[in-house]
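First up is the structure itself, then whatever we jot down about it.
The values are calculated or read from the model by the stated rules, or taken from the named source; none is laboratory data. Remember, it's a predicted structure, so these values are computed and weren't measured experimentally. A quick note on method: Cβ atoms are made from the backbone with ideal geometry, for glycine too, and the neighbour counts reach across all protein chains shown.
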Amino acid sequence: MNLARMESLGYASHSMDMDAHSQLDRALRRLLRPLVRIMLRQGISFGEFSEIAKRTYMEIAWDEFTPRNARASDSRVAIMTGLTRKEVKRLRETRSQRTELSTNHMNRATRVLSGWFRDPDFCDDKGQPRLLNMTDDGLQFPALVRRYSGDMPPRAMLDELRRVNAVKVDDNGAIQVKSRSFVPDGGDPDSLRMFGLAMSDLGHTIDSNLGAVPGEDLLFQRYVSNAQLNPRMVPLFKRLLAERGMQLLESLDDWMSSNELPEDAPGQSAHIGAGIYFFDRSDQPPTDD
């Protein structure tokens, strides 16, 4: 291969690298805009965000980017991340002091609601969830909680479901389920926890697909959009998405539930899922997408 050809290929490779870097820069700025709005509303300063970013850089570099048969070190992580060795050491030494918010009660509440809708023991002859009560005899709310939530007290579960408006209790003490989903209000701490889970799950899917080798199966990642939709049709689309999207998610939930392993089964079970979301870019500046 002649020199001109080699230089041409080298330039082309450099151009592609620069283009990829430019696209990633744009993608990060788009990703950060809604994140920054959320952080500003919650009173998270840039200094706090910077500390979170530094810690995450350190953890990912330390845990996932250390070559095989090599030991992770402060120097290696510092070179890779651009942090100083002093910062890496400080972040690493304080790592074990952090505590993660548990999502266990959210998972338990979701299982209780799902079981109420699909378990024949708690549904009527038409397959609809029955009214239940707090009596501990027969197939009532305490039995539902024990079956799908383990050792969480029934009263605590009822309070949690009432808090997120998933159930209501009438004057006679009858408990009616209103929603199959655990969806807290926007200002509820659990809504922020669910936001973190949703962003993390979508991010892991995108990361997996971007890092896939040719020929490897990609994870399902699709969406639809239209920039010329009649604005009067937006409420109708929202209703359509809520109805059909929920139908799909409930059918997937039923399928996964029917294929669960027993809790005492040997080995590790798979933790998978899927999500559907609505977005509206109407008030955002046009792009060249």
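Taken over region 36-55, the criterion of being over 18 Å from K86 (Cβ atoms) and without any contact (Cβ under 8 Å) to a residue 60 or more places away in the chain is satisfied by V36, R37, M39, L40, R41, G43, I44, S45, F46, E48, F49, I52. When M106 is tested against (1) within 30 Å of A53 (Cβ to Cβ); (2) out of contact with any Pro (no Cβ under 9 Å at 6 or more places or on another chain), only condition (2) is not met. Quick check on my filter: what residues within region 61-119 are among the β-branched types (V, I, T), part of a helix (DSSP H, G or I) and at pLDDT below 90? Hit for region 61-119 is T110, nothing else. Pairs meeting the criteria (first residue in region 117-137 and free of Cβ contacts under 8 Å to residues at least 60 places away in the same chain and under 16 Å from L158 (Cα atoms), second residue assigned to a strand (DSSP E or B) and β-branched (V, I, T), beta carbons under 8 Å, at least 6 apart or on different chains) are P129/V177; L131/I175; L132/I175; N133/I175; M134/I175.
Given the criteria β-branched (V, I, T) and out of contact with any Gly (no Cβ under 8 Å at 6 or more places or on another chain), does I175 qualify? Against the criterion (β-branched (V, I, T) and out of contact with any Gly (no Cβ under 8 Å at 6 or more places or on another chain)), I175 qualifies.
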